[in-house]
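Peer 1: Below is the structure I would like to discuss, written out as structure tokens.
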Amino acid sequence: MINTIKFFWEVLKDTFTEWNDSSASKDSASLAYYAIFSIPGLLIIIIWIAGNFFGEEAIRGEISNQIGGLMGKDVAKSIEGMIAGALIDKQNIFMKTVGIGSLIFGSTTLFFQLQHTLNTLWDVEAAPKKAFVKFLLDRANSLGMILILGFLLMITMILSSMISLFNNWITSYFGFETYMLVEFVNFAIGFGLVMLLFALMFKVLPDVKISWKPVWKGALLTTILFTLGKFLLSLYFGNFKPTSTFGAAGTVILIMMWINYSCMLIFFGAKFTKVYNYKKGYKVVLSKHAKWTALKLYRDSKKEDELRESGEVRDA
């Protein structure tokens with residue numbers, strides 16, 4: 001037990017050092033900027049997917065409630081306006097085709113840029129001869145993540161609807177304690193779904209093939225930090241209203257602040273996954289469309305020279 005705690009603490013320290021020395025802060029700010037242009041298309045695609053099961057109005061209302069709970073009603077109204085402004089005329093076939101294409105391209109940009117940063121954290125880059133093929137695959141992966149988001153939103157909405165529907169019945173027949181237990185189960189399932197989303201990000205988006213063990217460890221840490229941070233930021237934004245001085249632009253700035261914070265946590269979790277993976281000695285395999293960066297090769301060569309000088313590695 002003591003050795004496990006010591007190992008975890010060492011991984012955590014090394015993770016913070018590497019994360020602090022990386023470009024995570026700058027990349028998080030860039031992603032917050034890209035997100036402003038990606039959010040309308042991303043949400044519309046999610047609404048179309050989940051709307052087939054619950055109706056588009058119900059899904060839009062659920063998204064508004066979720067965003068309102070996180071960042072306040074003003075931000076929720078602003079995002080509703082973004083969605084309304086990006087809606088496509090479904091009667092015009094040409095506009096529908098062009099509109100859907102632009103929505104897909106715009107909505108996948110956020111995950112596309114996120115994947116690029118995760119690759120940087122893993123010291124990986126696209127192989128020049130396969131750059132275009134990789135570009136198409138990256139966009140497809142990004143679209144896949146959006147479809148997964150839509151699916152997870154549907155599950156969350158089903159659970160929330162069931163809890164609300166049986167709220168009074170559960171309290172009347174089984175008591176308040178049972179209702180609280182059901183709420184806890186609801187929270188636990190929601191926590192698990194967020195953890196699953198982070199795990200898929202760490203496993204699918206980077207161009208490296210790694211074991212699921214470090215992925216789940218990194219996803220668990222990221223979900224804990226994200227849940228705690230979500231609660232603290234909701235209190236901060238709700239009570240202090242830091243964007244009130246920016247007037248009409250305040251809601252956009254608040255969205256960027258939130259996404260910036262979330263991305264920094266994702267990058268920290270990705271770094272933790274990487275450090276944990278290497279410390280445990282798990283195998284790392286490149287995808288066929290990527291290669292190691294020059295900096296990675298230089299570090300490995302330098303490390304091998306140091307080991308050879310110390311006598312731990314000998315020439316064949």
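The values are calculated or read from the model by the stated rules, or taken from the named source; none is laboratory data. If you're wondering where the values come from, they're calculated on a predicted model, not measured in any experiment. Positions of Cβ are generated from backbone atoms using ideal geometry, with glycine treated the same way; all protein chains shown enter the neighbour counts.
Peer 1: Among residues belonging to the range 23-65 that are within 25 Å of Leu265 (Cα to Cα) and of a type in the set (Phe, Trp, Tyr), point out the one that is modelled with the highest pLDDT.
Peer 2: Checked the range 23-65; the qualifying residue modelled with the highest pLDDT is Tyr33.
Peer 1: Collect the residues in the range 290-316 that are at pLDDT 75 or above and either part of a loop (DSSP other than H, G, I, E, B) or more than 23 Å from Asn141 (Cα to Cα) (or both), keeping them in residue-number order. It would help to see each step written out before you state the result.
Peer 2: Within the range 290-316, the first condition is being at pLDDT 75 or above, and the residues that meet it are 290-293.
The one that is at pLDDT 75 or above and either part of a loop (DSSP other than H, G, I, E, B) or more than 23 Å from Asn141 (Cα to Cα) (or both): Thr293.
Peer 1: Based on this model, can you work out whether Ser38 counts as over 21 Å from Val75 (Cα atoms) and of a type in the set (Ser, Thr, Tyr)? Before you say what the answer is, go through the steps one by one.
Peer 2: Values: over 21 Å from Val75 (Cα atoms): no; of a type in the set (Ser, Thr, Tyr): yes.
So Ser38 fails the test.
Peer 1: Just the residues that are surrounded by fewer than 22 Cβ atoms within 10 Å (Cβ to Cβ) and either of a type in the set (D, E, K, R) or in a helix (DSSP H, G or I) (or both), please, taken from the range 200-222.
Peer 2: Leu200, Lys203, Val204, Lys209, Trp212, Lys213, Trp216, Lys217, Leu220
Peer 1: If I ask for residues that are more than 14 Å from Phe112 (Cβ to Cβ), within 15 Å of the chain's Cα centre (by Cα) and acidic (Asp, Glu), which ones from the range 21-35 would you list?
Peer 2: At the first step, the residues of the range 21-35 found to be more than 14 Å from Phe112 (Cβ to Cβ) are 21-26, 28-29, 32.
From what is left, the residues that are within 15 Å of the chain's Cα centre (by Cα) are 24, 28-29, 32.
Residues satisfying the conditions do not exist here.
Peer 1: So in the range 196-218, with the set limited to residues that are in contact with a Leu (Cβ under 7 Å, 6 or more places away or on another chain) and among the hydrophobic types (A, V, I, L, M, F, W, C), which one is nearest to Thr109 (Cα to Cα)? First the steps, then the outcome.
Peer 2: Going residue by residue through the range 196-218, those that are in contact with a Leu (Cβ under 7 Å, 6 or more places away or on another chain) are 197, 205-208.
Retained after the next criterion (residues that are among the hydrophobic types (A, V, I, L, M, F, W, C)): 197, 205, 208.
Details: Leu197: 18, Leu205: 13, Val208: 20 Å.
Per the criteria, the residue is Leu205.
Peer 1: Sticking with this one: Residues being surrounded by fewer than 17 Cβ atoms within 10 Å (Cβ to Cβ) and either in a loop (DSSP other than H, G, I, E, B) or basic (Lys, Arg) (or both): count how many of those fall in the range 12-27.
Peer 2: Quick first cut of the range 12-27, residues surrounded by fewer than 17 Cβ atoms within 10 Å (Cβ to Cβ) only: 12-13, 16-18, 20-21, 23, 25-26.
Now narrow it down to the ones that are either in a loop (DSSP other than H, G, I, E, B) or basic (Lys, Arg) (or both): 13, 23, 26.
Result for the range 12-27: 3.
Peer 1: So in the range 36-57, with the set limited to residues that are buried (at least 23 other Cβ atoms within 10 Å of the Cβ) and small (Gly, Ala, Ser), which one is nearest to the chain's Cα centre (by Cα)?
Peer 2: It comes out as Ser38.
Peer 1: On to the next question. Condition first: under 21 Å from the mean Cα position of the chain (by Cα) and at pLDDT below 70. Can you find one or more residues in the range 85-103 that meet it?
Peer 2: Within the range 85-103, one or more residues are under 21 Å from the mean Cα position of the chain (by Cα) and at pLDDT below 70.
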